[in-house]
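Just below is one structure, and these are the notes that go with it.
The values are calculated or read from the model by the stated rules, or taken from the named source; none is laboratory data. None of the values given here were measured: they were computed from a predicted structure. Cβ placement follows ideal geometry from the backbone for every residue including glycine, while neighbour counts extend to all protein chains displayed. Side chains are part of the model used for accessible areas, which takes the heavy atoms of the whole protein and leaves out ligands, DNA and RNA. Shrake-Rupley method; radii C 1.70, N 1.55, O 1.52, S 1.80 Å.
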Protein chains: 2
Amino acid sequence: MRSHYCGQLNASLSEQTVTLCGWVNRRRDLGGLIFIDLRDRSGLLQVVFDPDQKALFEQANKLRQEFCVKLTGKVSLRPESQINRKMASGEIELLATELTILSRSEALPIDFNQHVSEEARLRYRYLDLRRTEMSDNLQFRAKVTSSVRRFLDTQGFLDIETPMLTRATPEGARDYLVPSRTHQGQFFALPQSPQLFKQLLMMSGFDRYYQIVKCFRDEDLRADRQPEFTQIDIETSFMTAEQVMQVTENMTRQLFSELLSVELGEFPQMTWHEAMRRFGSDKPDLRNPLELVDVADLVKDVEFKVFAGPANDSKGRVAALKVPGKAADISRKIIDEYTKFVGIYGAKGLAWIKVNEDGLQSPILKFLPEPVVEQIIARTEAQVGDILFFAADSATVVAEALGALRLKVGEAFGFVSNEWKPLWVVDFPMFEEFEGGLAALHHPFTAPVGVTPEQLRENPTGTLSNAYDMVLNGVEVGGGSVRIHEREMQQAAFDILGIGEAEAQEKFGFLLEALKYGTPPHAGLAFGLDRLVMLMVGASSIRDVIAFPKTTTAACLLTDAPGVANPAALDELGINVKAKAKAE
Amino acid sequence: MRSHYCGQLNASLSEQTVTLCGWVNRRRDLGGLIFIDLRDRSGLLQVVFDPDQKALFEQANKLRQEFCVKLTGKVSLRPESQINRKMASGEIELLATELTILSRSEALPIDFNQHVSEEARLRYRYLDLRRTEMSDNLQFRAKVTSSVRRFLDTQGFLDIETPMLTRATPEGARDYLVPSRTHQGQFFALPQSPQLFKQLLMMSGFDRYYQIVKCFRDEDLRADRQPEFTQIDIETSFMTAEQVMQVTENMTRQLFSELLSVELGEFPQMTWHEAMRRFGSDKPDLRNPLELVDVADLVKDVEFKVFAGPANDSKGRVAALKVPGKAADISRKIIDEYTKFVGIYGAKGLAWIKVNEDGLQSPILKFLPEPVVEQIIARTEAQVGDILFFAADSATVVAEALGALRLKVGEAFGFVSNEWKPLWVVDFPMFEEFEGGLAALHHPFTAPVGVTPEQLRENPTGTLSNAYDMVLNGVEVGGGSVRIHEREMQQAAFDILGIGEAEAQEKFGFLLEALKYGTPPHAGLAFGLDRLVMLMVGASSIRDVIAFPKTTTAACLLTDAPGVANPAALDELGINVKAKAKAE
């Protein structure tokens, strides 16, 4: 129907007759003329109706906001004084010659010129998506997936679909279950990731696989989580960790160059241990220059138990965070606020020292010998005007508390630069301790570095995994690893994780079986597409880069899902809804 | 790790040193040498180990079928007599200089040189997918999606994801349900198609949408159905039916040209009524030249009730299928078989007339006046050697019975040409009658042609819909329509379908609401990707173009899904498995 999009019109088309389709974004009546801003997915265009064209003008007079119209007219240069530099078509306007009203609109139930609650935006999502910001976000997202696919296609990656109806594992917490009708009383699970299927595809010889694929996790939602999310999922055979990192880094670099004209350069690599030591995080935001400094060795022998205790504990840590030049700005009130804040992460207090013109100021000075304080000042290179914050606790609590404080202070006092700062975090521990056992830091299929199955069994916590996370501005955008491709190693990993032989057989029997028949060495990575797009467009919520997201209670306000199921359907599935739940 | 794929090696690389990774497809020991066929996803390569290289030869002697190896060697021309024209690399072989065994294989549990049951193939899918045929199928499928995406991207279509966890509708038969944990006792449904979401995207102004997306249908599976299947889903605003057909026809033409070097040419269009009349099918296979010929008008007045009854019934039909030149080949036994066959479609018998050298032969001649028989022979242009089959019943039964017989006979007697025969079927009726009411021939959102809501209400069965199906070689590969974009028309369609106002509000309230706010005219189409790929590669089953398909009872034999769910998880979901079902 149309000859152009609004955003395609500019001064070069002056005097040409064009036809457009779109919506009335705004109407103004001015000096006897009717002006409308016509909107389509590409942008806005000013259209003028002249009262001399009587029939047309009468028709135009019926136009209201959000009417859907087809318009023909002549492109005309605006007088210099009326040029709108903010609009792509701001140098021109359309002198209308024909108007067809394709569809009328009632007054909108929400007014986007006012503040609109997110609930209202989600309920009327189709209206919310008409807003330029949202429309641009989703158009950008389509460009991202298109660019990613083109890159991977040219690199010989094959787009292969894996099932959505997969095996429910007995303990599969966070699995979405799908009751089976043909196998009453049994359930499928929606995949949390295609991990095992992509490994099986490597065993099948496909070599380079990718998929942009929905994954599902039924967990309590945080602000930036969705029950269904999208992964750029990649797996390769015969490639080392370095090679997988290289190809995915190239992909990311190309993406930023193509779509944002940003040159990311080569990504630095940092070990997990260094990241935790310097930034208290396994996904450090390198735009923030603040760093943690370890001081446990300096306070080992002080009488101040708060410091000496963790300093002498093999699992403890004592560290300082220096905030340069902000001693005067950080009041007692702010310190109290920070103390409360680090409490969220388990820190029992927040010691501090200010370096003032007239000497040190701190409630803990009295507990520390002067030489120790001097050594701390020397090591942290604290200058007049700086303030030091201290945390002394288990290494985990110290990292989390000071890592979080580092981000908060960095944001609050403008330390965060306006750049793109990617990096790879590597050399993760294979396992982390939790109450009563060991858990995989990545997942149970991650290969260890340089050990035999026997050596892994002997020293699981001392073994590093061949895993790598891509971090961008403090966000983990991708994570992956070399996978175990030997049955004995896989069995060792299961054993260490407390997955007995029977359980392993029950849950992963097909994988252990498959490992018998010439499994190639393989490695892969998965990007969180939603998060990546959110970062790239600078959205504040993951919901702003998803067309039809769920709320934080996993509901769709637009379609009112989930809903009540038909009893006959439940009967066919062989399941009952419990009365108690029903009543609620 | 590799420098080349097996399939990339040819005589032009003679004397070069290359490195490959792959699997031992076969080993032969011959004349003191060891030969292996190395296999990777691109094909096979013959590798020779020379006993003079002792250490290497010893290593090679360990090789067994399906060992995964890395091999370096020199490309060497084969002697003329040993050239294998069936292999891409058949002119050369590799003289091995280095061998690394990356992974060993036990003896395979199945021998693909023997007949392997489909059950075994599905259970050991990762081995089945190593076979060239299956590997090629999935690689071809990846090329199809890549080509489709490239085409649609360049045409300005936006890839936008729609939700997988959608609204369960009260009567949603065939929905896969997903119990919600945060809303106990309530359920999501997996989408049977993104129909309503893509319409909402048009209301949002995205204009041209596509998605290659999983859809779900929990129905009794036939041979070529899968519980999860993939659609190329397309929707546009401001385009007519003709324009949507043009762009998707172009897409299909490019696909065939690019991937099969087949030029499909312009697709003919045929009305639904013509297709039913001439071929007894809404998806006629035009490679088959046999056609139905209507003769009701000729037999209206005969005493033979079997013919005269349907001929005088407004919903009846009497038609003939002529099989040229096969009177002698079609024995009484075959006719009996065909009679049984058309019985499946409800035909109560199968009358026939053979035109022999010595006159007509038929059990029904005695019931028909000679002039009538002559007229039938004239109209069907039956020649000596031809046989005519007759069906007389309701129009539906006649079309289905003779339509199916046409295909069966066409196949059996080699009438089907070896071509690609696409067409568009258009001008469908809006509704079809079923017991107790009217059902939508496409779906309730399909727009009628050229009527007001009042006219539609007055004459629903006489109204045509603005729908179109793309048919290729008798397979419906795509189907679509212009959608209703006016609330009154949508309400009329719901009313005719017996969906009352309350029910419409309950189920489609959000759609009816959305229709109020300037909905653009829109139209779309969905291709069945699995079926399309199956056609293009000539696979005999849809399961042969899906990496990890389900069985006909919707089970995954590889991972043993569906499975038993954890009682604690069911408790969290607020559902019970019924004891009876459990026991079974």
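Couple of notes before you dig in:
- For region B:40-61, the tally of residues that are in contact with a strand residue (DSSP E or B) (Cβ under 7 Å, 6 or more places away or on another chain), within 14 Å of chain A (Cβ to nearest Cβ) and open to solvent by 20 Å² or more (accessible area, probe 1.4 Å) stands at 1.
- Checking B:ALA526 against (1) modelled with pLDDT of 95 or more; (2) in contact with a Cys (Cβ under 9 Å, 6 or more places away or on another chain); (3) at the interface with another protein chain (Cβ under 9 Å from one of its Cβ atoms), the condition it does not meet: (3)
- Qualifying residue in region B:64-71 (condition: more than 30 Å from B:GLY538 (Cβ to Cβ), modelled with pLDDT of 95 or more and away from chain A (no Cβ under 14 Å)): no
Yes/no per residue for (1) at the interface with chain A (Cβ under 7 Å from one of its Cβ atoms); (2) touching a Pro at 6+ places or on another chain (Cβ under 7 Å); (3) surrounded by fewer than 23 Cβ atoms within 10 Å (Cβ to Cβ):
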residue	(1), (2), (3)
B:ASP153	yes, no, yes
B:THR166	yes, yes, no
B:ARG181	yes, no, yes
B:LEU196	no, no, yes
B:LEU200	yes, no, no
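- Entirely in region B:4-58, the strands (runs of 3 or more DSSP E) that have 3 or more residues that are in contact (Cβ under 8 Å) with a residue 60 or more places away in the chain: B:17-30
- Options A:ASP571, A:ASP560; residue that is over 25 Å from B:TYR126 (Cα atoms) and under 33 Å from the mean Cα position of the chain (by Cα): A:ASP560
- Residues of region B:215-229 satisfying the condition of being crowded, with 20+ Cβ neighbours inside 10 Å and at the interface with chain A (Cβ under 9 Å from one of its Cβ atoms): B:PHE216, B:ASP218, B:PRO227, B:GLU228
- Index of the failed condition, B:ASN137 passing every other in (1) within 10 Å of chain A (Cβ to nearest Cβ); (2) under 29 Å from A:ARG150 (Cβ atoms); (3) surrounded by 17 or more Cβ atoms within 10 Å (Cβ to Cβ): (1)
Residue by residue, here is whether (1) in contact with a strand residue (DSSP E or B) (Cβ under 9 Å, 6 or more places away or on another chain); (2) open to solvent by 50 Å² or more (accessible area, probe 1.4 Å) holds:
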position	(1), (2)
A:SER81	no, yes
A:GLU93	yes, no
A:GLU119	no, yes
A:SER147	no, no
A:LEU158	yes, no
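- Unmet requirement for A:VAL471, which otherwise passes all of (1) within 13 Å of chain B (Cβ to nearest Cβ); (2) in contact (Cβ under 8 Å) with a residue 60 or more places away in the chain: (1)
- Identity of the residue in region A:380-438, small (Gly, Ala, Ser) and without any contact (Cβ under 8 Å) to a residue 24 or more places away in the chain, that ends up farthest from A:PHE256 (Cα to Cα): A:GLY436
- Residues that are touching a strand residue (DSSP E or B) at 6+ places or on another chain (Cβ under 8 Å) and open to solvent by less than 60 Å² (accessible area, probe 1.4 Å) within region B:428-441 comprise B:PHE428, B:PRO429, B:MET430, B:PHE431, B:LEU438, B:ALA439, B:ALA440, B:LEU441, listed in sequence order.
- Residue check, A:SER204 at the interface with another protein chain (Cβ under 7 Å from one of its Cβ atoms) and not aromatic (Phe, Trp, Tyr): yes
- Any hit, region B:59-67, residues being basic (Lys, Arg) and in contact with a Ser or Thr (Cβ under 8 Å, 6 or more places away or on another chain): yes
- Residues within region A:545-569 that are aliphatic (A, V, I, L, M) and either surrounded by fewer than 19 Cβ atoms within 10 Å (Cβ to Cβ) or more than 9 Å from chain B (Cβ to nearest Cβ) (or both), tallied: 4
- B:GLY462 more than 18 Å from B:HIS442 (Cα to Cα), modelled with pLDDT under 95 and out of contact with any Gly (no Cβ under 6 Å at 6 or more places or on another chain): no
- Consider region A:99-128 and keep the residues that are assigned to a loop (DSSP other than H, G, I, E, B) and among the small types (Gly, Ala, Ser). The one that is farthest from the other protein chains (Cβ to nearest Cβ) is A:SER117.
- Filtering region A:230-262 to residues that are under 21 Å from A:ALA547 (Cβ atoms) and either surrounded by fewer than 19 Cβ atoms within 10 Å (Cβ to Cβ) or more than 14 Å from every other protein chain (Cβ to nearest Cβ) (or both) leaves A:LEU255, A:LEU259.
Rundown of residues vs (1) open to solvent by less than 10 Å² (accessible area, probe 1.4 Å); (2) out of contact with any Gly (no Cβ under 9 Å at 6 or more places or on another chain), yes/no style:
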| residue | (1), (2) |
| --- | --- |
| B:GLU488 | no, yes |
| B:ALA492 | yes, yes |
| B:ALA502 | no, yes |
| B:THR519 | yes, yes |
| B:PHE527 | yes, no |
| B:ARG543 | no, yes |
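- The requirement of being touching a Pro at 6+ places or on another chain (Cβ under 6 Å) and either open to solvent by 20 Å² or more (accessible area, probe 1.4 Å) or among the hydrophobic types (A, V, I, L, M, F, W, C) (or both) is satisfied by B:ALA392.
- Region B:402-427, residues that are among the acidic types (Asp, Glu) and open to solvent by less than 10 Å² (accessible area, probe 1.4 Å): none
- Which numbered condition A:VAL306 misses (of (1) over 22 Å from A:GLN361 (Cα atoms); (2) touching a strand residue (DSSP E or B) at 6+ places or on another chain (Cβ under 9 Å); (3) modelled with pLDDT of 95 or more): (1)
- All conditions in (1) at pLDDT below 95; (2) outside the structural domain of A:ASP297 (by TED's automatic domain parsing); (3) open to solvent by 40 Å² or more (accessible area, probe 1.4 Å) hold for A:PHE445, with the sole exception of (3).
- Members of region A:91-113 found to be of a type in the set (S, T, N, Q) and at pLDDT 90 or above, listed by number: A:THR97, A:THR100, A:SER103, A:SER105
- Boolean, B:ARG457 is of a type in the set (D, E, K, R), surrounded by fewer than 19 Cβ atoms within 10 Å (Cβ to Cβ) and not in a loop (DSSP other than H, G, I, E, B): yes
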